[in-house]
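Enquirer: Submitted below is the structure of interest, expressed as structure tokens.
The values are calculated or read from the model by the stated rules, or taken from the named source; none is laboratory data. Not measured: the values here are computed from a predicted model. Here the Cβ positions follow ideal geometry from the backbone for every residue, glycine too, while neighbour counts run over all protein chains shown.
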Amino acid sequence: MLTADMVHARRRGDRLVVVPVSPADRPRALELATAYLDLAAAHIGQPRGSLLEACRGIDVQPAEQRLARGLQKLVLDRCQFEEKAALDPVELRRTLFARAASARRENERAAFVRAAIVAAEAGERHISGDEIEVALFADLPDAHVLREARLLSPEALLAEHHLAQHQAVLLRAQRVRARVWSAAPAGYRHLFRRLKFLRLLYRIEELPKRAGYRLEIDGPYSLFESVTKYGLQLALALPDLMACDRWAIEADLRWGQDRRPLRYAWHGSPDPSPQTSEVPARRAVADELPDEVAALLRDLSALPGPWRPAVSQAVLDLRGVGQCVPDLELVHQETGQTVYLEVLGFWSRDAVWKRIELARKGLPEAVVFAVSKHLRVSEAALDFELPAALYVYARVMNAQAVLARIEDVAARVAARAPT
Amino acid sequence: MSANSSTSCVATVSQAPPEPPAVELRFRAGTLEVAGLAPTFADLPPSCAWDERTACHRAPASAYAALVQGLRRLKIAYLDQARRYETLASGAVVRREPRPYQSEALAAWNAAGGRGVVVLPTGAGKTLVAHMAIDLRRRSTLVVTPTLDLVRQWYDGLLATFGIPVGIIGGGEYDVQPLTVTTYDSAYLHMEHLGNRFGLLVFDECHHLPGASYSLSARFALAPFRMGLTATPERDAWAGHGLPSETAGDSDTLAALIGPIVYRKEIVALSGDYLSSYETVRVTVELSPAERAEYAAERARYRQFLEANGISMASPHGWTEFIIRSSRNAEGRRAFEAYRRQRAIAFCAPAKLDYVERLLHQHRQDRAIIFTQDNATVHLVARRFLLPAITHQTRVSERSEILDGLAQGRYTAIATSKVLNEGVDVPEANVAIVMSGSGSVREHVQRLGRILRKREGKQAILYELVAGGTSETFTSQRRREHSAYR
């Protein structure tokens with residue numbers, strides 16, 4: 001990852017704009033990328049100091065400094081160095097410096113003769129004075145030897161640099177607002193899991209016209225003070241936001257030495273705002289479902305009756321308790337009633353208990369959770385008066401059995417409805 | 001109390017069978033969650049706010065004491081799942097007789113409710129005051145220090161005083177014990193996970209604490225008891241950039257994060273009785289004609305660039321401005337190179353090195369610490385004079401060996417840059433040679449402090465080598481603006 005000072009960005013009023021490599025500059029950027037990659041490849045077995053010295057030798061114009069430093073950093077991040085010395089430098093220093101101190105202390109009149117002390121040490125070790133000089137600080141980082149470099153093509157390095165610039169901006173972010181749309185529920189599920197893993201908190205709001213969700217992401221302490229403490233987690237979350245089919249982010253930054261408050265925006269194409277986005281036909285995304293869910297969708301579609309299944313795009317949010325992201329939704333053709341289905345499959349028991357907690361704490365939507373019997377959870381774990389049910393299956397989900405739970409939950413909801 | 005137990009506090013007096021409290025305190029990532037109260041409940045301390053993201057009230061962890069007191073006052077029963085710190089089973093196994101001012105400092109801190117800053121000169125025994133505080137309060141304690149050298153030193157001290165395992169976080173180690181030592185950097189990284197494990201925080205060299213990042217480590221901790229230790233509570237934010245030194249306001253922040261200054265004694269008040277007597281000698285070394293010519297030429301090029309671009313290094317943003325503008329074109333890059341070169345000539349002039357040679361010979365029976373402004377000079381000195389070097393790159397085990405070697409007399413001198421500026425305790429060291437440094441008063445006072453620890457018959461001496469006719473003369477004047485140098 002780049003550091004914030006390696007980002008090529010401009011202030012435009014209260015906004016920060018990352019400056020990408022322009023088409024005109026791209027050939028030169030590729031030239032620089034090639035140069036750093038070639039140097040790394042050529043320095044395998046050489047000390048880090050030599051590689052850095054060679055990198056400094058590349059002629060870089062003042063306007064290219066930041067790009068060059070960034071490319072160099074990304075290449076160095078892909079290098080593995082190791083300490084390699086014939087003598088143990090720490091042990092050598094211990095004996096040589098003790099010898100020098102002793103000589104100085106005992107020498108009342110004569111001047112301190114460095115060469116004589118080095119020669120005495122070398123003589124005792126049966127090596128040359130030059131070897132002593134080389135080994136003396138061989139453990140300093142500059143002396144470490146390049147063992148391996150996981151190199152990539154210059155084009156891929158430029159692409160990595162492009163993303164790394166945006167990630168590095170988020171290192172100085174106090175919070176991120178994002179709009180995301182994902183064709184497959186798994187996209188949302190992955191995103192929420194990652195945000196939780198990164199210990200970030202978020203507010204979620206559904207956008208009109210099924211255009212996705214608006215998230216406001218920061219950390220627990222952000223409630224009291226805008227801090228950049230969560231910048232690294234926000235930067236790490238960027239690829240997960242970008243993994244959604246459509247996404248746009250806006251961040252509040254504290255930028256530069258003076259920590260000036262700025263705003264920053266970036267989005268995938270096209271911008272998923274309600275005005276511009278068009279939700280693709282649902283059938284088009286069925287292929288992205290896990291195999292077992294796709295098979296269940298086919299089987300449910302083949303069943304006669306009023307319930308019509310489709311891939312769900314909903315995120316069911318019980319504020320303060322959690323979310324669930326159903327895979328399918330079944331709509332009753334006559335009443336319009338909707339029941340959701342989330343396939344938990346072989347997930348952890350913990351995930352099942354979290355869904356049970358959601359239902360118990362008042363999740364208003366009707367949901368059936370399909371759970372493998374390997375998770376050892378009884379269908380009776382969910383109270384029968386709630387608008388939710390567990391479907392425990394042995395090996396593969398049975399469409400008839402799922403439909404029975406769907407109808408059961410729908411009946412409970414109908415019974416709870418005010419008359 | 002077990003580290004994993006929770007505390008149920010039912011403040012109401014009732015004959016009815018006890019019910020589990022509806023209100024629950026939880027520690028979450030440096031904050032406190034208060035679950036079970038209505039969003040509109042308004043009687044919590046002002047630092048609490050309703051958090052709709054998690055449907056509970058939330059407060060910074062540092063509000064723990066006020067929050068618990070508030071709930072008790074309101075007679076609200078609560079289940080305390082937040083507190084995970086222990087009462088130590090036993091206190092100190094070795095107790096040293098404190099000096100009068102150390103007892104006074106502890107009493108003042110205790111009278112302030114176990115929160116506050118103790119200001120004592122380097123070498124006056126601040127560590128003992130902290131040991132006494134741990135012994136008095138007997139809570140799991142985290143000591144936060146600026147460097148790994150100090151981590152090692154506190155580790156040794158706590159182990160000897162309390163005789164129980166001491167944990168270390170930092171420098172590649174992660175071992176959490178009821179007594180644990182860490183660095184400010186590691187505390188910033190880990191406090192959101194560890195902030196409920198300690199009831200007492202000791203911030204050594206606590207002038208480092210104020211600031212956007214480090215201060216979060218104090219806010220993310222729920223420790224009701226806090227002690228700050230420093231010789232120089234005021235931060236000199238502009239040190240090294242030609243600007244006025246001390247800034248106001250940090251004491252206010254320290255007061256919010258730790259507590260007010262509860263006790264203060266200066267070097268001059270303790271010198272002779274409790275600290276070694278000392279003298280300071282400023283030595284002006286002259287550059288050779290060739291060096292002087294080169295210095296003048298490089299300095300002129302650098303100054304011309306500043307003037308041409310209207311940059312004032314006396315302004316708070318002067319240095320940043322110079323960095324930005326000098327990176328824009330070839331002329332700027334040359335000016336930056338000129339800046340570095342003229343500094344290098346002043347900081348590491350051959351005449352200075354020759355003088356260091358003389359001093360090393362003169363003090364060959366003593367224990368000397370050579371201070372420089374940069375690591376390159378440390379390694380140059382180490383190579384030329386065959387002296388152990390300590391920089392931020394030196395591993396903890398080798399640092400220990402070097403400091404022990406200096407204490408035992410295996411080495412007569414060592415070279416270092418800034419990492420030994422603070423706190424490191426080598427009572428045998430009696431000579432400091434400042435080859436180069438910033439304009440920071442704090443740095444200069446701290447460097448003097450390295451050689452002031454009292455030993456029988458010890459007379460400490462600090463040499464400050466200044467390249468005559470260079471900007472170092474002005475820098476030297478600035479850093480000596482302290483009573484210790486008058």
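Enquirer: Can you confirm whether B:Q304 is among the polar types (S, T, N, Q), in the same structural domain as B:M435 (by TED's automatic domain parsing) and exposed (fewer than 15 other Cβ atoms within 10 Å of the Cβ)?
Expert: no
Enquirer: So which of A:L215, A:L223 ends up being closer than 17 Å to A:V180 by Cα, within 14 Å of another protein chain (Cβ to nearest Cβ) and at pLDDT 90 or above?
Expert: Criteria check complete, one pass: A:L215.
Here is a yes/no grid of residues against (1) in contact (Cβ under 8 Å) with a residue 40 or more places away in the chain; (2) outside the structural domain of B:R447 (by TED's automatic domain parsing); (3) within 15 Å of B:R384 (Cβ to Cβ); (4) buried (at least 21 other Cβ atoms within 10 Å of the Cβ):
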residue	(1), (2), (3), (4)
B:A308	no, yes, no, no
B:P316	yes, yes, no, no
B:T320	no, yes, no, no
B:A330	no, yes, no, no
B:R358	no, no, yes, no
B:R364	yes, no, no, no
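Enquirer: Moving on. Can you report the number of residues in the stretch B:447-478 which are surrounded by fewer than 22 Cβ atoms within 10 Å (Cβ to Cβ) and more than 19 Å from B:A346 (Cα to Cα)?
Expert: Final tally of qualifying residues: 8.
Enquirer: Would you confirm whether or not the stretch B:335-343 contains a residue that is surrounded by fewer than 22 Cβ atoms within 10 Å (Cβ to Cβ), away from chain A (no Cβ under 12 Å) and within 24 Å of A:F97 (Cα to Cα)?
Expert: There is no residue in the stretch B:335-343 that is surrounded by fewer than 22 Cβ atoms within 10 Å (Cβ to Cβ), away from chain A (no Cβ under 12 Å) and within 24 Å of A:F97 (Cα to Cα).
Enquirer: In this structure, does B:A351 turn out to be within 14 Å of chain A (Cβ to nearest Cβ), more than 25 Å from B:S276 (Cα to Cα) and touching a helix residue (DSSP H, G or I) at 6+ places or on another chain (Cβ under 9 Å)?
Expert: Taking the combined requirement at face value, the residue does not satisfy it.
Enquirer: Which condition number does B:P60 fail, the rest of (1) closer than 17 Å to A:L223 by Cα; (2) more than 14 Å from chain A (Cβ to nearest Cβ); (3) touching a residue at least 60 places away in the same chain (Cβ under 8 Å) being met?
Expert: It is condition (2) that B:P60 fails.
Enquirer: Turning to a different aspect of this structure: Name every residue in the stretch B:128-150 that is part of a helix (DSSP H, G or I), modelled with pLDDT of 90 or more and either under 22 Å from B:M191 (Cβ atoms) or basic (K, R) (or both), in order of residue number.
Expert: Of everything in the stretch B:128-150, those that are part of a helix (DSSP H, G or I), modelled with pLDDT of 90 or more and either under 22 Å from B:M191 (Cβ atoms) or basic (K, R) (or both) turn out to be B:A130, B:A133, B:I134, B:R137.
Enquirer: Now for a separate question. Is it the case, given these coordinates, that A:V145 is under 42 Å from the mean Cα position of the chain (by Cα) and either at pLDDT 90 or above or at the interface with chain B (Cβ under 9 Å from one of its Cβ atoms) (or both)?
Expert: Judged against the criteria, A:V145 is a match.
Enquirer: Looking only at helices (runs of 4 or more DSSP H) that fall completely inside the stretch B:327-414, which ones have 1 or more residues that are under 18 Å from A:L92 (Cα atoms) and at pLDDT 90 or above?
Expert: Counting at least 1 such residues, we get B:375-385, B:396-408.
Enquirer: Looking for something surrounded by 13 or more Cβ atoms within 10 Å (Cβ to Cβ) and more than 22 Å from B:Q365 (Cβ to Cβ) - is there at least one such residue anywhere in the stretch A:110-120?
Expert: Yes.
Enquirer: Conditions first: (1) under 19 Å from B:G116 (Cα atoms); (2) touching a helix residue (DSSP H, G or I) at 6+ places or on another chain (Cβ under 9 Å); (3) surrounded by fewer than 21 Cβ atoms within 10 Å (Cβ to Cβ). B:Y188 passes all but one, so which condition is the exception?
Expert: Evaluating B:Y188 over (1) under 19 Å from B:G116 (Cα atoms); (2) touching a helix residue (DSSP H, G or I) at 6+ places or on another chain (Cβ under 9 Å); (3) surrounded by fewer than 21 Cβ atoms within 10 Å (Cβ to Cβ) leaves (1) as the failure.
Enquirer: Let me confirm something: among A:L358, A:L386, A:L390, which residue is more than 36 Å from the chain's Cα centre (by Cα), modelled with pLDDT under 95 and buried (at least 18 other Cβ atoms within 10 Å of the Cβ)?
Expert: A:L386
Enquirer: Just the residues that are part of a helix (DSSP H, G or I) and either of a type in the set (V, I, T) or within 14 Å of another protein chain (Cβ to nearest Cβ) (or both), please, taken from the stretch A:226-248.
Expert: Passing the criteria: A:G231, A:L232, A:Q233.
Enquirer: State which residue is surrounded by the most Cβ atoms within 10 Å (Cβ to Cβ) when the search covers only the stretch B:138-156 and only residues that are closer than 23 Å to B:G114 by Cβ and among the β-branched types (V, I, T).
Expert: Restricting to residues being closer than 23 Å to B:G114 by Cβ and among the β-branched types (V, I, T), the top hit is B:V144.
Enquirer: Right, something else. Please find, within the stretch B:82-107, the residue that is nearest to the chain's Cα centre (by Cα) out of those that are of a type in the set (A, V, I, L, M) and surrounded by fewer than 16 Cβ atoms within 10 Å (Cβ to Cβ).
Expert: The residue in question is B:A107.
Rundown of residues vs (1) within 20 Å of B:D51 (Cα to Cα); (2) surrounded by 17 or more Cβ atoms within 10 Å (Cβ to Cβ), yes/no style:
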site	(1), (2)
A:R193	no, no
A:R199	yes, no
A:A211	no, yes
A:L215	yes, yes
A:L223	yes, yes
A:S226	yes, no
A:G231	no, yes
A:L238	no, yes
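Enquirer: Inspect the stretch B:410-425 for any residue being more than 13 Å from every other protein chain (Cβ to nearest Cβ), closer than 26 Å to A:A135 by Cα and charged (D, E, K, R) and give the result as yes or no.
Expert: yes
Enquirer: List the pairs whose first member sits in the stretch B:65-91 and is of a type in the set (S, T, Y), whose second member is assigned to a strand (DSSP E or B), and whose Cβ atoms are under 7 Å apart, counting only residues at least 6 apart or on separate chains?
Expert: Pairs found: B:Y78/B:C9; B:Y78/B:V23; B:Y78/B:E24; B:Y78/B:L25; B:Y85/B:R139; B:T87/B:R139.
Enquirer: Here is a follow-up. Outside the structural domain of A:H8 (by TED's automatic domain parsing) and over 19 Å from A:V311 (Cβ atoms), is that true of A:L151?
Expert: So A:L151 does not fit the description; no.
Enquirer: Would you tally the residues in the stretch A:65-90 being more than 30 Å from B:R399 (Cβ to Cβ), crowded, with 18+ Cβ neighbours inside 10 Å and either within 12 Å of chain B (Cβ to nearest Cβ) or over 29 Å from the mean Cα position of the chain (by Cα) (or both)?
Expert: Result for the stretch A:65-90: 2.
Enquirer: Take the stretch B:84-121 and flag every residue that is outside the structural domain of B:M227 (by TED's automatic domain parsing), among the small types (G, A, S) and either within 19 Å of B:T232 (Cα to Cα) or touching a helix residue (DSSP H, G or I) at 6+ places or on another chain (Cβ under 6 Å) (or both).
Expert: Correct list: B:G91, B:A92.
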